[in-house]
Amino acid sequence: MSRSINWRGFVQAWSEHVDFPLFRITMLLMGVGLLTVFSATWSGQERMPSQLLNMAAALVLMFVVARIPPQRLMQLAWPMYLFGLVLLVLVMLFGIKVNGAKRWLSLGFTRIQPSEIMKIAMPLVMAWYFHHFENRRWFSKYLGALLILLIPSALIAKQPDLGTAILVFSAGFYVIFLAGLSWWVLGGLVAAAMAVAPFAWHFLHDYQQKRILTLIDPTTDPLGSGYHIIQSTIAIGSGGVIGKGYMSGSQAQLEFIPEKHTDFIFAVFAEEWGMIGNVILVVLYGFLIERGLRISLRASTTFNRLLAGSITMGFFTYAFVNMGMVSGILPVVGVPLPFISYGGTALVTLCTGLGILMSIETHRTNR
């Protein structure tokens with residue numbers, strides 16, 4: 001005799017580990033993303049079904065991760081970090097080169113990008129480190145943290161993948177800062193970075209140097225490296241205050257904006273919805289970050305507090321860097337707009353971070 005499924009109990013069991021304020025903001029951002037991806041791609045290859053599948057897979061992973069207790073996440077920190085480090089070394093030795101960059105590792109039936117693992121592994125292992133060595137002398141503590149941070153960041157930058165290297169480095173640095181890094185030390189690091197910058201210029205790849213020069217004056221190569229910035233800033237400016245209307249942006253619909261469904265999707269959104277739409281989008285990101293920081297402040301352990309804070313500030317870095325590069329105030333480094341840009345890899349990483357935040361919050365209230 002077959003037994004009926006208790007759907008109410010099933011839904012309740014899964015929903016008890018969902019932070020609904022965070023979930024509602026995420027769904028609003030994903031909804032905006034779906035509308036913008038449709039507008040950016042409707043005249044060419046249809047990408048909506050693929051993006052819906054990406055979102056569904058990412059949300060399922062978010063729900064699964066949210067059920068994992070933070071204590072278990074702490075146990076996974078070093079295995080995930082070391083696994084990611086080994087994969088990065090394998091990429092350096094045996095990786096697939098695409099468009100001049102070694103970022104992918106072939107498994108025969110598919111390809112993986114190990115640097116994405118580090119976006120989650122880095123805040124996990126750094127939070128573990130400062131949780132366990134909270135009372136160690138400051139010099140040895142920060143020296144060890146710096147080594148953990150720099151090794152994978154350098155391997156990713158060498159691929160070269162400056163955008164992901166920035167995201168991984170910032171994720172680790174946020175943990176160091178939230179663990180109590182002195183403002184005097186931070187100021188010294190900034191001063192040292194500015195002093196070293198002229199010498200570091202010679203270690204940059206040609207395309208990286210060109211991106212920085214293009215940022216200063218994109219008109220020096222209007223049909224080459226400056227094309228992206230010129231067209232995206234034209235689109236943002238042409239949106240004005242109220243925008244041109246949904247699917248009515250001339251720059252986007254006439255195919256002037258490159259990578260308009262991925263890295264430069266903000267230009268499509270800004271042209272259609274104008275300054276008012278941009279402000280609403282920034283406010284949504286502000287709510288997301290505020291909720292994440294609130295979860296961090298209420299966390300019950302040092303590990304949970306540092307991990308939640310780093311992941312939350314990671315969302316800020318994604319949004320700030322993408323909007324900055326599309327607006328022409330930062331170099332183009334290939335960072336997607338969180339929950340808006342087309343693609344499955346970034347969505348999986350972002351929703352894993354959301355799942356961790358939900359785990360920290362719901363296991364605190366349910367303990």
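The values are calculated or read from the model by the stated rules, or taken from the named source; none is laboratory data. Keep in mind that what you see is a predicted model, and the values were worked out from it rather than measured. Heads up, the Cβs are rebuilt from the backbone with ideal geometry, glycines too, and the neighbour counts pull from every protein chain shown.
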Item to check | the range 218-259, residues that are of a type in the set (A, V, I, L, M, F, W, C), without any contact (Cβ under 8 Å) to a residue 40 or more places away in the chain and farther than 19 Å from G334 by Cβ | outcome: L223, I234, V241, I242, L254, F256
Next on the checklist: Out of S182, S153, S170, I need the residue that is closer than 26 Å to L297 by Cβ, at pLDDT 80 or above and among the polar types (S, T, N, Q). Which one?
Outcome noted: S170
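So is T262 among the hydroxyl-bearing types (S, T, Y), in a helix (DSSP H, G or I) and in contact (Cβ under 8 Å) with a residue 24 or more places away in the chain or not?
No; evaluated as a whole, the condition is false for this residue.
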Next on the checklist: Condition first: out of contact with any Pro (no Cβ under 9 Å at 6 or more places or on another chain) and not β-branched (V, I, T). Now tell me which residues in the range 325-346 satisfy that.
Outcome noted: S327, L330, P331, G334, P336, L337, P338, F339, S341, G344
Checklist entry - Would you call Q51 under 29 Å from G95 (Cβ atoms) and at pLDDT below 95? => result yes
Checklist entry - Condition test on E259, is it out of contact with any helix residue (DSSP H, G or I) (no Cβ under 7 Å at 6 or more places or on another chain) and under 22 Å from T317 (Cα atoms)? => result yes
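Could you please let me know if W14 is more than 21 Å from the chain's Cα centre (by Cα), of a type in the set (A, V, I, L, M, F, W, C), farther than 16 Å from W273 by Cβ and at pLDDT below 65? Outline the logic, then answer.
Working: more than 21 Å from the chain's Cα centre (by Cα): yes; of a type in the set (A, V, I, L, M, F, W, C): yes; farther than 16 Å from W273 by Cβ: yes; at pLDDT below 65: no.
Spelling it out, it is not the case that W14 is more than 21 Å from the chain's Cα centre (by Cα), of a type in the set (A, V, I, L, M, F, W, C), farther than 16 Å from W273 by Cβ and at pLDDT below 65.
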Item to check | A299 vs. criteria at pLDDT below 95, touching a Gly at 6+ places or on another chain (Cβ under 9 Å) and under 19 Å from F23 (Cα atoms) | outcome: yes
Checklist entry - In this structure, does V64 turn out to be without any contact (Cβ under 8 Å) to a residue 12 or more places away in the chain, farther than 17 Å from I265 by Cα and part of a helix (DSSP H, G or I)? => result no
Item to check | Selection count, the range 317-354, where residues are within 16 Å of the chain's Cα centre (by Cα), among the small types (G, A, S), surrounded by fewer than 24 Cβ atoms within 10 Å (Cβ to Cβ) and not in a helix (DSSP H, G or I) | outcome: 3
Checklist entry - Within the range 159-215, how many residues turn out to be aliphatic (A, V, I, L, M) and under 27 Å from I289 (Cβ atoms)? => result 17
Checklist outcome for this item: Picking from L306, L281, L357, the residue that is more than 16 Å from the chain's Cα centre (by Cα), assigned to a helix (DSSP H, G or I) and buried (at least 24 other Cβ atoms within 10 Å of the Cβ) would be L306
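Per-residue answers, yes or no, for (1) surrounded by 13 or more Cβ atoms within 10 Å (Cβ to Cβ); (2) modelled with pLDDT of 75 or more; (3) of a type in the set (G, A, S):
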residue	(1), (2), (3)
R211	yes, no, no
D221	yes, no, no
G245	no, yes, yes
G249	yes, yes, yes
